[in-house]
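Colleague: Mind having a look at this structure? Questions to follow.
The values are calculated or read from the model by the stated rules, or taken from the named source; none is laboratory data. In this text, all values refer to a predicted model and were calculated from it rather than measured experimentally. Please note: Cβ atoms are built from the backbone with ideal geometry, for glycine as well, and neighbour counts cover all protein chains shown. For the accessible areas, the whole protein counts, side chains as well, though only heavy atoms, and no ligand, DNA or RNA atoms are used. Shrake-Rupley method; radii C 1.70, N 1.55, O 1.52, S 1.80 Å.
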There are 2 protein chains.
Amino acid sequence: MNIAPLLNSISKYISLTDKEIEYLESKVFVRKYLKGQYIVQQGDVCKYECYVLSGCTKTFYIDKEGQEHIIMFSIEDWWTSDMGSFISQTPADFNVQCLENSELIMISYDVVEDLYREIPQLERFFRKIVERAFVASQKRIVRNFSLTAKEQYLYFREQYPLIEQRIPQYMIASYLGITKEFLSKIKSQLILEQ
Amino acid sequence: MNIAPLLNSISKYISLTDKEIEYLESKVFVRKYLKGQYIVQQGDVCKYECYVLSGCTKTFYIDKEGQEHIIMFSIEDWWTSDMGSFISQTPADFNVQCLENSELIMISYDVVEDLYREIPQLERFFRKIVERAFVASQKRIVRNFSLTAKEQYLYFREQYPLIEQRIPQYMIASYLGITKEFLSKIKSQLILEQ
DNA sequence: AAATGATGTTAAACTAGTTTAACATCTCTT
DNA sequence: AAGAGATGTTAAACTAGTTTAACATCATTT
């Protein structure tokens with residue numbers, strides 16, 4: 001089982017003993033998903049926090065008009081789940097679906113308390129991970145408030161060049177909160193400008 | 001020094017020994033601000049995480065056109081700061097200003113590591129606080145995506161009735177991401193409807 | 001190579017929310 | 001009680017982004 005990328009990621013914030021690494025390894029598992037498969041479904045209780053080893057996922061919800069809205073993408077070395085559902089074990093607001101064949105490290109709700117008890121430092125690691133996620137989320141709200149759709153697209157392209165290449169345009173439009181037609185218009189404007 | 005409300009809030013997630021409470025008490029302090037005073041200023045490094053004992057604050061930023069955008073309000077029993085600035089000790093994106101005379105418990109960046117070392121459980125407490133803040137922030141993004149301005153206003157009114165009464169309408173408009181003129185229009189529509 | 005389904009483009013008509021500007025009301029200070 | 005400053009309202013002209021609908025392109029399957 002190859003959890004090395006996760007251990008490497010953890011080691012940026014805390015250092016674990018060999019025993020702790022062994023314990024962590026014994027409590028998590030790796031799971032493969034095919035393109036199109038769901039990791040979390042809206043309405044189900046989210047049982048896992050997932051670390052992406054390879055592949056790509058989208059987190060989205062379907063609104064009352066049946067429209068899909070993409071909240072985030074996750075690629076290698078990112079975390080994904082429906083945190084609201086996970087922490088309170090209530091029905092998920094979001095779906096998480098694989099956009100490519102993917103390999104994830106799964107941390108179950110059933111073991112996460114054991115992990116925190118045996119490896120108290122993990123509490124710190126996840127605190128820091130969530131702090132960063134919160135800051136990123138606030139910054140996204142700021143961008144929504146003060147940037148035009150075109151500016152938001154340029155920001156996305158600059159910030160996540162790797163993601164843009166792997167994902168169809170209409171999903172990027174959904175992530176930006178605009179229609180695919182309008183994104184298409186923005187792109188043709190940008191081509192004319194340069 | 002009255003930190004009882006904070007201790008009460010902490011006790012919902014973890015339990016502290018008398019010694020730990022004493023240590024916590026020795027490391028934090030209470031500070032009073034007058035209406036209009038700034039707790040954090042855009043561009044400065046945010047030195048504190050603040051727990052609101054009494055009063056009310058707004059967190060906002062000024063965009064490149066000089067427009068103010070309100071990110072959040074904080075009242076009794078809420079936390080406030082510029083977390084992005086605090087965790088990485090870099091210049092703040094946000095201002096935090098008091099809308100009423102306020103009393104805050106201040107936790108300095110200089111002592112927060114001591115606190116985590118002496119009271120490891122606090123790591124858990126803050127992890128949970130930030131998890132909730134992150135979930136709330138994601139839900140706000142969802143509302144921005146799928147609700148009209150009127151629906152967002154109704155949600156705000158239902159969710160934070162206490163805040164609405166304490167704050168001028170134009171700040172609520174700013175929080176919702178709309179102009180004060182349009183909020184005024186929404187309100188007159190709502191009056192006609194009922 | 002034809003057919004199918006998924007993705008992307010273009011353009012016209014439309015709408016939610018903005019801008020501008022004038023005016024109304026309220027509260028605090030003197 | 002008069003004036004000033006902050007807050008709130010109304011309405012007309014405007015614009016960023018949506019909707020609808022038709023068509024273009026590309027990859028995959030048969």
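Colleague: So how much accessible area does residue A:98 have, in Å² to the nearest 10, using a 1.4 Å probe?
Modeller: Probe radius 1.4 Å; accessible area of residue A:98 about 0 Å².
Colleague: So for segment A:110-149, taking the charge dipole from beta-carbon charges (+1 Lys/Arg, -1 Asp/Glu), which of A:115, A:134, A:149 sits furthest toward the positive end?
Modeller: In segment A:110-149, that residue is A:149.
Colleague: Can I ask one more? With +1 on the Cβ of every Lys and Arg and -1 on the Cβ of every Asp and Glu, and nothing else charged, how large is the dipole of the protein assembly as shown about its Cα centre, in debye rounded to the nearest 20?
Modeller: 920 debye
Colleague: Oh, and also: Quantify, in whole percent, the carbon and sulfur part of the accessible surface of segment B:4-119 (1.4 Å probe; protein heavy atoms only).
Modeller: On segment B:4-119, the fraction of accessible area on carbon and sulfur atoms equals 48 percent.
Colleague: Taking every alpha carbon pair in chain B, what does the distance histogram look like in 5 angstrom bins from 0, in percent?
Modeller: All Cα pairs considered, the percentages come to 1, 7, 14, 18, 19, 15, 11, 7, 4, 2, 1, 0.
Colleague: Rank B:106, B:24, A:192 by how far each Cα sits towards the positive end of the charge dipole of the protein assembly as shown (+1 on Lys, Arg Cβ; -1 on Asp, Glu Cβ) and give me just the farthest.
Modeller: Selected residue: A:192.
Colleague: Please give the FRET efficiency for residue A:76 paired with residue B:108, using the beta carbon to beta carbon distance and R0 = 35 Å, rounded to the nearest 0.05.
Modeller: Once rounded, the FRET efficiency stands at 0.45.
Colleague: Also, quick follow-up: Could you give me the percent of Cα pairs per 5 Å distance bin for segment B:4-119, shortest bin first, beginning at zero and ending with the bin that holds the maximum distance?
Modeller: In order of increasing distance, the bins hold 2, 12, 20, 22, 19, 13, 7, 3, 1, 0, 0 percent.
Colleague: Expected output is a single nm value to one decimal: the length gained when fully extending between residue A:101 and residue A:37, i.e. 0.36 nm times separation in residues minus the C-alpha distance. What is it? Write down the numbers at each step before the final one.
Modeller: On the way: separation 64, 0.36 × 64 = 23.04 nm, distance 0.86 nm.
Full extension of this stretch gives 22.2 nm more.
Colleague: Here's something else I'd like to know. So how far, in whole Å, is the C-alpha centre of segment A:60-133 from the one of segment B:112-188?
Modeller: 21 Å
Colleague: At residue B:7 and residue A:54, where each label point lies 7 Å from the Cα along Cα→Cβ, what is the point-to-point distance in nanometres?
Modeller: Distance between label points: 5.5 nm.
Colleague: Using a 1.4 Å probe and counting only protein heavy atoms, how much accessible surface gets buried when B and A come together, both sides summed, in Å² to the nearest 100?
Modeller: Working: alone 11300 and 11330 Å², together 19170 Å².
Chain pair B/A: roughly 3500 Å² of buried accessible area.
Colleague: Which order do you get for B:148, A:59 if you rank them by accessible area with a 1.4 Å probe, largest at the top?
Modeller: B:148, A:59
Colleague: Show me, for segment A:54-60, the HN-Hα J-couplings you get by feeding each phi into the Karplus relation (A = 6.51, B = -1.76, C = 1.60, θ = phi - 60°), rounded to Hz, glycine and proline as x.
Modeller: Karplus-based 3J(HN,Hα) across segment A:54-60 equals 7, x, 7, 10, 10, 10, 8 Hz.
Colleague: Would you mind getting me the FRET efficiency between residue A:136 and residue B:63? Use the beta-carbon distance for r and R0 = 22 Å, nearest 0.05.
Modeller: Efficiency, rounded to the nearest 0.05: 0.75.
Colleague: Which angle from 0 to 90°, rounded to the nearest 10, does the C-alpha axis of helix A:149-159 make with the longest principal axis of chain A?
Modeller: In chain A, helix A:149-159 runs at an angle near 40 degrees to the longest axis.
Colleague: Need the per-residue list for segment A:133-147: every residue with at least 20 Å² less accessible surface in the complex of protein chains than in the chain by itself, probe 1.4 Å, sorted by number.
Modeller: A:133, A:134, A:135, A:137, A:138, A:139, A:140, A:141, A:142, A:144, A:145, A:146
Colleague: Same structure, new question: Please report the accessible area of residue A:64 (heavy atoms, 1.4 Å probe, ligands and nucleic acids excluded) in Å², nearest 10.
Modeller: So the heavy atoms of residue A:64 present about 150 Å² to solvent.
Colleague: May I pose another question? How large is ³J(HN,Hα), in whole Hz, for each residue of segment A:179-194 in order, when computed from phi with the Karplus curve 6.51 cos²θ - 1.76 cosθ + 1.60 and θ = phi - 60°, using x for Gly and Pro?
Modeller: 7, 5, 5, 6, 4, 4, 4, 4, 4, 5, 4, 4, 5, 4, 5, 7
Colleague: Treating the angle as unsigned and between 0 and 90°, give the value, to the nearest 10°, between the Cα long axis of helix B:18-27 and the longest Cα principal axis of chain B.
Modeller: The two axes meet at around 70 degrees.
Colleague: Something else now. I'd like the projected area of segment B:1-57, averaged over all directions, using the convex hull of its alpha carbons. Report it in nm² with one decimal.
Modeller: Mean shadow area of the hull around the Cα atoms is 5.0 nm².
Colleague: I need the phi-derived Karplus couplings for segment B:101-106: 6.51 cos²θ - 1.76 cosθ + 1.60, θ = phi - 60°, integer Hz, Gly and Pro marked x.
Modeller: 4, 9, 10, 10, 8, 9
Colleague: Another question about this same structure. Say R0 is 22 Å: what FRET efficiency, to the nearest 0.05, do residue B:179 and residue A:149 get from their beta-carbon distance?
Modeller: 0.75
Colleague: Work out which GluC sites (Glu not before Pro) in chain B are exposed loop sites (DSSP not H, G, I, E or B, at most 16 other Cβ within 10 Å) and give the longest gap free of them.
Modeller: Longest gap between qualifying sites, sites excluded: B:101-194.
Colleague: So who's got an amide H within less than 5 Å of the one on residue B:55, skipping anything under 5 residues away but keeping other chains? H placed 1.01 Å off N, in plane.
Modeller: Distant-sequence amide H within range of residue B:55: B:76, B:103.
Colleague: With the other protein chains left in place, how much accessible area per residue, in square angstrom, belongs to segment A:1-109 at a 1.4 angstrom probe?
Modeller: Each residue of segment A:1-109 exposes 47 Å² on average to a 1.4 Å probe.
Colleague: Based on the Kirkwood radius over alpha-carbon pairs, what is the Stokes-Einstein translational diffusion coefficient of the protein assembly as shown at 4 °C with 1.567 mPa s viscosity, in µm²/s?
Modeller: Estimated diffusion coefficient is 57 µm²/s.
Colleague: For segment B:4-119, with the dipole built from +1 on Lys and Arg beta-carbon atoms and -1 on Asp and Glu ones, taken about the Cα centre, which of B:50, B:8, B:36 lies farthest toward the positive end?
Modeller: Result: B:36, furthest along the dipole toward the positive end.
Colleague: Give the ranking of B:80, B:90 by solvent-accessible surface, highest area first, calculated with a 1.4 Å probe.
Modeller: Greatest to least solvent exposure: B:90, B:80.
Colleague: State, as an integer percentage, the relative contact order of chain B based on alpha-carbon contacts under 8 Å between residues 6 or more apart.
Modeller: RCO, chain B: 23 percent.
Colleague: Further question: Could you calculate the contour length gain from residue A:190 to residue A:45, that is, 0.36 nm times the residue separation minus the distance between their Cα atoms, to one decimal place in nm?
Modeller: So the chain would gain 47.9 nm between residue A:190 and residue A:45.
Colleague: Still on this structure, I have one more. Report, in deg cm²/dmol and to the nearest 500, the calculated mean residue ellipticity at 222 nm for chain A, where each DSSP H run with n ≥ 4 adds -39500 (n - 2.57) and the sum is divided by the residue count.
Modeller: Here the helix-only value at 222 nm equals -15500 deg cm²/dmol.
Colleague: For residue A:37, which sequence-distant residues (separation of 5 or more, or a different chain) have an amide H within less than 5 Å of its own amide H, given hydrogens modelled in the peptide plane?
Modeller: A:98
Colleague: Which residue fluctuates most in the GNM of chain A (Cα springs below 10 Å): A:81, A:102, A:11?
Modeller: The residue that fluctuates most here is A:11.
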